[in-house]
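Worksheet: one structure, shown below.
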Amino acid sequence: MQIQIINGPNLNLLGKREPEIYGSESFEDYFEQLKKRFPQVELHYFQSNVEGELINKIHEVGFSFDAILLNAGGYTHTSVAISDAIAGVTTPTLEVHISNIYKREEFRHKSIISKSCVGMISGLGLKGYELGITYFLNTPAL
């Protein structure tokens, strides 16, 4: 099984940015733990602060990988283009958020990308990525 993790803007600052919300661990360190936890899965990781690069990565893996875990960051609430990219590929995408977007500012309560995703995990910290992988491992082909 091949799973692509895609993180959007500002998630390169995990471990440094607002640790009271996002924790003190970098995603790169956490990703190494994920690879050890799921040796049977070929995990890939991509992060960009640029909307078009996120769309290009979705297009690149969206017909060949088994799953995408996407944390679109702030683009979750603004990007029709990312939503369209998810809808345009055949690989199922699960939306992930480290923080609980519904306990934050009002503008974060609406996800434009949700309608194109198979589901959402929000507010469980980095553990959400592990739960997303487990979901895809235990769910028959979507």
Sorted from largest to smallest, which semi-axis lengths in Å does the alpha carbon gyration tensor of the stretch 1-53 give for its equivalent ellipsoid, taking the root of 5 times each eigenvalue?
21, 16, 6
FRET efficiency for ALA87 and LEU124, using Cβ-Cβ distance with R0 set to 35 Å, rounded to 0.05:
0.85
Where does the chain land at 222 nm, in deg cm²/dmol rounded to the nearest 500, when only DSSP H runs of n ≥ 4 count, each adding -39500 (n - 2.57), divided by all residues?
-9000 deg cm²/dmol
Within the set of other residues whose C-beta is less than 13 Å from the C-beta of LEU137, count the net charge using Lys and Arg as +1 and Asp and Glu as -1.
-2
Can you tell which of LEU131, LEU94, LEU70 shows the greatest fluctuation in a Gaussian network model of the chain with Cα springs below 10 Å?
LEU131
Around LEU34, with a cut-off of 12 angstrom between Cβ atoms, what is the net charge of the other residues, counting Lys and Arg +1 and Asp and Glu -1?
-2
Mind ranking GLU130, GLU53 by accessible surface for me, highest first, 1.4 Å probe?
GLU53, GLU130
With all protein chains present, the chain has a carbon and sulfur share of its accessible area (1.4 Å probe) in percent of 52
About its Cα centre, the chain carries a charge dipole, from +1 on Lys and Arg Cβ atoms and -1 on Asp and Glu Cβ atoms, whose size in debye to the nearest 20 is 280
List the residues of the stretch 70-98 whose backbone N lies under 18 Å from a point placed 7 Å from the Cα of LEU131 along the Cα-to-Cβ direction.
70-73, 93-98
Spin-label model distance (nm) - SER24 vs GLU53, 7 Å beyond Cα toward Cβ:
2.8
Under the rule of at least 5 residues apart or a separate chain, name every residue whose amide H is placed under 5 Å from the amide H of GLN47.
ASN7
Projected label distance in nm at ASN100 and GLN40, using a 7 Å step from Cα toward the beta-carbon:
3.2
Compute and list, largest first, the equivalent-ellipsoid semi-axes of the stretch 53-142 from the alpha carbon gyration tensor, each √(5λ) rounded to a whole angstrom.
20, 17, 10
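The values are calculated or read from the model by the stated rules, or taken from the named source; none is laboratory data. Because the structure is a prediction, the values reported are computed rather than measured. Positions of Cβ are backbone-derived with ideal geometry, glycine not excepted, and every protein chain shown enters the neighbour counts. The accessibility values were calculated without ligands, DNA or RNA, using every heavy atom of the protein model including side chains. Shrake-Rupley method; radii C 1.70, N 1.55, O 1.52, S 1.80 Å.
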